[in-house]
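A quick write-up on the structure given underneath.
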Amino acid sequence: RYIRDNATASDTVGRSYSSEVPVYLRNRPAAFIKHCLTKLELAESVFERDVECLTDNKYKVKSQTDVKGKSYYTVELHSADDLPKCDCHAWCWTLLPCKHMFAVLKWTEASWDDLPETYRSSPYLSLDNAFINVPISAPIVLNDTMEDDVQNDESTHQSDLELSTATELPLRKKKHQDQ
């Protein structure tokens, strides 16, 4: 499945991409592309006036959910630890590009190439090129000898008789919500 998923996501094996998929997202894992397309769509709700450049690498993006319009997210395309960053929950939870990052890419001179190379080429965000040209029908040989080491240990098995004589635990009383 791993080989198949890598091969079928690559345009070198015949995958064709919709024109809606930016070039920088092509030849990446399908789940990553789907995530990014969702965030790109959400970034459409961010207006140009809501993205402010602080430095050549740092931006602030106005929150779309703050009705008072006073909340902002700080986006760094390249931080000291070789990761982009955003203050939003989505970035902190997944470390995948968020709508604020895509808004920065949309409304500023910044581009996907301004993200750290180590991030863009992360194995989590890239296809495994070693398997792209492997025929999907090729037999997969696993060198898993651990199964040979497992022996059937009768002491770990219980008979049906032993299971049927097991005692049931008493039920706990439910607490009432008004207590």
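Rounded to the nearest 0.05, the FRET efficiency derived from the C-beta distance between S18 and W93 at R0 = 30 Å is 0.65. Taking region 86-110 and a reference point 7 angstrom along Cα→Cβ of D56, the backbone N atoms nearer than 13 Å belong to 110. For Y73, the amide hydrogen comes within under 5 Å of the amide hydrogens of V61, K62, S63, counting only partners 5 or more places away or on other chains and with H modelled in the peptide plane.
A short reminder: the numbers here are calculations on the coordinates, not readings from a lab. Just so it is clear, the model here is predicted, and its values are computed rather than measured. As a convention, Cβ positions derive from the backbone with ideal geometry for all residues, glycine included, and neighbour counts pool all protein chains shown.
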